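Comments concern the structure below.
The values are calculated or read from the model by the stated rules, or taken from the named source; none is laboratory data. Just so we're clear, the structure is a prediction, and the values are computed from it rather than from any experiment. Cβ atoms come from the backbone with ideal geometry, glycine included; neighbour counts cover every protein chain shown.
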Amino acid sequence: MSLLKIINYGHPLLRERAAEVTEMNDAMLDIIEGMAVTMYENGGVGLAANQVGLLKRVFVVDGAIIDDEDFADEDEDEDGVDGDQESDDEEGEEADEDDADYFDDLLVFINPEIIEESAEDGPYDEGCLSIPDVRGEVYRPLRVKVRAMDEHLEPFEVEAEGLLARVIQHELDHLNGVLFVDHLPLMKRTLLAGDLNRLKKASLEELPSLEGVEYPIVLAQDVDAEAEV
């Protein structure tokens, strides 16, 4: 299984709308597995295909967050939680190489769409693996109902609330070329301008070296993981 390169703020692919998945094959399954490995190895709780440079409507979520009290209680979480960020739980910071159930909690969403959402929304401190060291409070609906397909292209619906609902919305934003910082008030975006500009500058400087490279970019092969998607 492969560890993939996560592209950062300023890379133009993060602003593209992803295309629908129309067929599943071994290559696509390998990429989904790579996305899962990349999410876990980077301590994330979600990762969208755009973030590895693939413009397909796919994202993965660590379903363990549903029952994780460290994530579920906003009042007790000092650092906050986001759609793709480092977990305060040490077990969430990296995949357990000795655990044969590496992907047991993995949720795969293909061609997802929100079909219902609550009128009530709320704030939460978000971050993003593609925007390292940047955080901000984002308001989103507290509950959503989502229609999608799994990695076998089998349709399903899920009603989500709390952190899962937030992560789903965060990742779906990615598939539409939207980043969490786009939801921040103007004053907050102004305060973060220096950090964002540095990230953008670094991404744009790297682009010429990536010309002609096929995405997603594999950083490492045969990353330890015993289960499959």
Handout entry: Every residue from segment 16-42 that is aliphatic (A, V, I, L, M) and either assigned to a helix (DSSP H, G or I) or within 11 Å of Arg57 (Cα to Cα) (or both)
Key = Ala18, Ala19, Val21, Ala27, Met28, Leu29, Ile31, Ile32, Met35, Ala36, Val37, Met39
Fill in the blank from the handout: Taking segment 131-183 and keeping residues touching a residue at least 40 places away in the same chain (Cβ under 8 Å) and among the small types (Gly, Ala, Ser) leaves Gly136, Gly162, Gly177
Practice task
Go through the residues of segment 200-222 one by one and say whether even a single one is over 26 Å from Lys56 (Cα atoms), at pLDDT 95 or above and part of a helix (DSSP H, G or I).
Solution key: no
Completion exercise
Per the filter on segment 1-40, residues more than 21 Å from Val213 (Cβ to Cβ) and either over 12 Å from the mean Cα position of the chain (by Cα) or not aromatic (Phe, Trp, Tyr) (or both) are Arg17, Glu20, Val21, Thr22, Glu23, Met24, Asn25, Asp26, Leu29, Ala36, Met39
Fill in the blank from the handout: The number of residues in segment 3-33 that are within 23 Å of Val223 (Cβ to Cβ) and either touching a Lys or Arg at 6+ places or on another chain (Cβ under 6 Å) or without any contact (Cβ under 8 Å) to a residue 12 or more places away in the chain (or both) is 3
Completion exercise
Within segment 206-216, residues under 24 Å from the mean Cα position of the chain (by Cα) and either among the β-branched types (Val, Ile, Thr) or surrounded by fewer than 12 Cβ atoms within 10 Å (Cβ to Cβ) (or both) come out as Val213, Glu214
Problem - Filtered residues of segment 1-29 (kept if of a type in the set (Val, Ile, Thr) and farther than 21 Å from Leu199 by Cα) - result: Val21, Thr22
